[in-house]
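The values are calculated or read from the model by the stated rules, or taken from the named source; none is laboratory data. Because the structure is a prediction, the values reported are computed rather than measured. Using ideal geometry, Cβ is built from the backbone for each residue, glycine included, and neighbour counts are taken over all protein chains shown. Remember, those area values only see protein heavy atoms, side chains included, never the ligands or the DNA or RNA. Shrake-Rupley method; radii C 1.70, N 1.55, O 1.52, S 1.80 Å.
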There are 2 protein chains.
Amino acid sequence: MIPLDGIDAILFDIGGTLVPEAPPGTAVAALEPAAFDGVPELLRALSARHRLGAVTNTSVMREGDVRALLGQMGIDEFLEVVVTSTDVGVAKPAPEPLLHALRVMQVDAPRALYVGDLATDRTAALDAGMPFVATDRSLGDALERAAHAQRGPFARYADQVTPPDTAAIAAATERQDRLTKPPGSLGQLEALGTRLAGISGVCPPPVPQPVAVAVFAADHGVVASGVTPWPQAVTTQMVANFANGGAAINVIARQVGATVHVVDVGVASDTSQFAGVRVHKVRAGTADLSRGAAMSVADARAALDVGAMVATELVDAGNRLLVTGEMGIGNTTASAALIAAFTGRAAMAVTGRGTGIDDVMLAHKQAIVADAVSRTEGFLDPISVLSEIGGLEIAALAGFIVGGAAKGVPVVVDGVITGAALLLAEALVPGVTDRVIAGHRSTEPGASVVLEHLGLSPVLDLDLRLGEGTGACLAVPIVQAAARILNEMATFDEAAVSERPAGE
Amino acid sequence: MIPLDGIDAILFDIGGTLVPEAPPGTAVAALEPAAFDGVPELLRALSARHRLGAVTNTSVMREGDVRALLGQMGIDEFLEVVVTSTDVGVAKPAPEPLLHALRVMQVDAPRALYVGDLATDRTAALDAGMPFVATDRSLGDALERAAHAQRGPFARYADQVTPPDTAAIAAATERQDRLTKPPGSLGQLEALGTRLAGISGVCPPPVPQPVAVAVFAADHGVVASGVTPWPQAVTTQMVANFANGGAAINVIARQVGATVHVVDVGVASDTSQFAGVRVHKVRAGTADLSRGAAMSVADARAALDVGAMVATELVDAGNRLLVTGEMGIGNTTASAALIAAFTGRAAMAVTGRGTGIDDVMLAHKQAIVADAVSRTEGFLDPISVLSEIGGLEIAALAGFIVGGAAKGVPVVVDGVITGAALLLAEALVPGVTDRVIAGHRSTEPGASVVLEHLGLSPVLDLDLRLGEGTGACLAVPIVQAAARILNEMATFDEAAVSERPAGE
């Protein structure tokens, strides 16, 4: 049990959180006195370090009735207070029951955590000024996430992501019109330069170089269910290819002057013999998402941390532009499921042929995606969605994006896999997308859904569907040119070029 | 009078060529005995170096009738033979009348030139195996073109343009599928690499570098008619800006490692004081195309020669990728007219706002374009269209494209101006487009018309409308990456990566 630093008290919702939810209005006598598996043990362990209480919406019971029931389950003894909506006359999402419990316990809201299973629970907690964690998958997971949220590189860097600099954006917008060209005639290159000014916080923005491409590699248990014709061994073989400099991303990185950094965050086999590969293996591939959760919340958190660490290490080493890349046989399946889960689009609309599959396999893949997405319905926490679907490299990429954003360095995203990672990053750190540049539009249908959902306009549209970071890396010289324009082009005044007459 | 080298005999069509066309079936007595201005003097001059004859379609006259009429105009004496369709029983486009005249004169077809004004004249000449020149604008122009066609860099390099190498294309297509990636997953990058193999004639194609951008600058008389709010002086001011390295094309060229070569092919004012500018001024800007021909055929030919020379000089200096650029206030008007003339599209559909004009000025510009295009209707020779419309930098760009193509070096075209130049080049040297790469899609409507007409897929689509070669130059790293992929990526065999099972 990881301690929850900075948390004095933990308040629990009851129905759906500690015990199965009973239909509204169930008679007291009809309630089953049974908690979820492991709850008594969990509360006992927590009670050693934290003060505990319960806050629940019920129209038929008061504190005494609830305590009597909880007593039969062996958990009443751990709860210092039990507040019902009947006690205070108002139900959640109003924050009153929570605030009442905090007053009784004499604990400040920021030092108390509320644990619940519904959006109304979260609303009440946020209105009360309390941190909240959702029991999307299990109470243990929720507390694990809460513990991790207070530690680890990802959480630390997430707090450092700020909105782009509006003064730099305004200065760049104004400067674009003073350069020796008709206003707006450099089209998206002007928008890109202005975006870079906002990200870097200065105008003109520095030309973003050196450039580092991080290729996160991991395996996916779902390949056992037949979603791709490629054998899982190809993930490892391609890691070797990256290490030897023979893959597409190596070639394109050499073209644009970028370095390639290969990170094993979850490859099924050993990659430590390949030169230069950074082995930060969280686990040897995910479980099969078609049969259950792809990984634990702790694994998901650890993979996010790997990505955030790699990003910040690369920036600390001097890199000023980060490019997202990935390799993982089966990862278009997990990406499609994440995209459907985070955008609400149907599995059919976001699931493509990946590296190339026939109609029968595509239908099978879509069914697997639809099933996985349906299991995450109602989840309140993006980490829960991530751990249910996977994958490890997608989590790492989300961490990488957040790490780069925290460091004030633009991050160029690639295709459908890194798009799914960006959706995840945006769900975890709202606004982080404003510090990202979409490198290209992949032909995978989910990629366009991501771009549309996040309002991104990609630099390139070359019908690529390879991944590895190839499309993002190809966009690098154009991103750099956008910054260079603001730095090096002469203004009308400097060049003594006539502006067109006012009013035209 | 420039002599026509290698030509022993010149045969003339009569109606529409030497004398105004009479309606079919006009009675002999009703024919006006008047030649076009200058024709007697021209025939006299030509007769000093060449044997002359006439071949005409007429259903009412025989040789004697025609000679009697020509005698009244003072030109019968120069004509060794006069053949009418009535004489030989068949009219053009059948080649019989021409072949009959050649037999009488005992001259081989390749050493005799036919001069006419109709498509049927051209068909007859080509079927007879004779060179042909059209009197699109005047007889003098036609002979000037014919003389130039046998000399000058443009004509010489035009003869050297060959179709892309099919064996290299086949080898590249096959190699793309052996590289360590799903087949086709690099999308347009694969098509681009295969195209480069065809252009260079080897597989893998060399990575095309060093890169030279040629910026051809010239002025347009049509600015006097109010088609742009920018003063004409901006052309010269921008040439100075290019020389100082402060324009957008300089900045982007530095980004992609290209050198910029500025060529004054027709700027209105003196540019010789600007460092590094190559002054090959054919004339100080075109005449106003809204009031008549923009330039003479000789000027148009000279500008084509400038472009061809610059291209071949840059290749001889070691450059292996040529990029087209331009500057010329007013040149979107000439480009729109050329695009309409060569594609048959309406002026409305191809005329845009250029560097930014309002609705009233746009309507005025469209009317000017429509009028200029109408004046070229029925022209058989692209040079005639070019000299009617202009401009000097557009002609030079067409020469540049042909020069690069002749040297086996890929040429990247930019926006609407260079697109118009490419249409001109394709009209002059059919098939030259296969040695060209479209760098980007400009927002100018004519640019998309050109791409569609020539079946080109642009590398970039960034809403640019600046010109100078900016869009083409931005595409350079992607073009180079396409070649590099074929050179440097490992094959499945080399990298020991599993291919997906056959039949999948």
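If you wrap the tightest convex hull around every Cα atom of the protein assembly as shown and split its volume per residue, you get 202 Å³. Figure note: B:Met73, B:Met105 ranked by solvent-accessible area, largest first, 1.4 Å probe, ligands and nucleic acids not counted: B:Met73, B:Met105. Between A:Gln160 and B:Ala233, the simple label model (points 7 Å from Cα in the Cβ direction) yields a spacing of 5.3 nm. Taking the alpha carbon gyration tensor of the stretch B:194-486, multiplying each eigenvalue by 5 and rooting it gives semi-axes of 27, 20, 18 Å, largest first. Of the whole protein surface, A:Asp165 contributes about 60 Å² of accessible area at a 1.4 Å probe radius. Just check the stretch A:9-150 against the gyration tensor rule for me: Cα atoms, a ≥ b ≥ c as the square roots of the eigenvalues, rounded for a/c under 1.5, and otherwise prolate or oblate depending on whether a/b exceeds b/c. Verdict is rounded for the stretch A:9-150. Rounded to the nearest 0.05, the FRET efficiency derived from the C-beta distance between A:Arg254 and A:Ala363 at R0 = 60 Å is 0.90.
Only Cα pairs under 8 Å and 6+ residues apart enter the sum, and on that basis the relative contact order of chain A stands at 16 percent. Compared with the dominant principal axis of the Cα atoms in chain B, helix B:63-73 is inclined by about 90°. Between the alpha-carbon centres of the stretch A:155-197 and the stretch B:437-504 there is a gap of 27 Å.
I need the shape label for the stretch B:287-334. Rule: rounded when a/c is under 1.5, else prolate if a/b > b/c, else oblate, with a, b, c from the alpha carbon gyration tensor. Verdict is oblate for the stretch B:287-334.
These residues, A:His220, A:His280, go from largest to smallest accessible area, 1.4 Å probe, as A:His280, A:His220. The lysines whose alpha-carbon is closer than 27 Å to the alpha-carbon of A:Lys281, local same-chain residues fewer than 8 away aside, are A:Lys365, A:Lys407, B:Lys181.
Taking the accessible area of the stretch A:194-486, probe 1.4 Å, and keeping the other protein chains in place, the carbon and sulfur fraction comes to 51%.
Taking the C-alpha atoms only, the angle from helix A:139-149 to the longest principal axis of chain A is near 50 degrees. The HN-Hα couplings worked out from phi for the stretch B:313-322 by the Karplus form 6.51 cos²θ - 1.76 cosθ + 1.60 (θ = phi - 60°) are 5, 5, 5, 4, 7, x, 5, 10, 8, 10 Hz, whole numbers, x standing for Gly and Pro.
Rg and Dmax over the alpha-carbon atoms of the stretch A:104-262 stand at 23.9, 68 Å. Measuring from the axis that maps chain A onto chain B, the chain A residue with the nearest beta carbon and its rounded distance in angstrom come out as A:Pro477, 2.
Annotation for B:Val279, label-to-label distances across the other copies: 7.0 nm (shortest first, one decimal, point 7 Å from Cα along Cα→Cβ). Take each residue in A:169-181, count the other chain C-beta atoms within 10 Å of its C-beta, and the mean is 2. When shorter helices are ignored and each DSSP H run of at least 4 residues is given -39500 (n - 2.57), the per-residue value for chain B at 222 nm works out to -13500 deg cm²/dmol. Solvent-accessible surface (1.4 Å probe) assigned to A:Ser138 amounts to roughly 50 Å².
Shape class of the stretch A:299-417 from the alpha-carbon gyration tensor: prolate, with a/c at 1.5 or above and a/b greater than b/c. Note the angle between two axes, namely the Cα long axis of helix A:233-244 and the longest principal axis of the Cα atoms of chain A, as a number of degrees from 0 to 90, rounded to the nearest 10. The helix A:233-244 is inclined about 40 degrees to chain A.
Each other copy places its own label point for A:Pro231 at 7.4 nm from this one, sorted shortest first, where the point lies 7 Å along the Cα-to-beta carbon line.
Peptide B:234-245 has a mean of 3 when you count, residue by residue, the C-beta atoms of other protein chains within 10 Å of its C-beta. Each copy carries a label point for B:Gly16 at 7 Å from Cα along the beta-carbon vector; from one copy to the others these points are 8.5 nm apart, nearest first. Modelled spin labels at A:Asp270 and B:Asp8, positioned 7 Å past Cα toward Cβ, are 8.7 nm from each other.
The length gained on full extension between A:Val28 and A:Val202, counted as 0.36 nm times the residue separation minus their Cα-Cα distance, comes to 56.3 nm.
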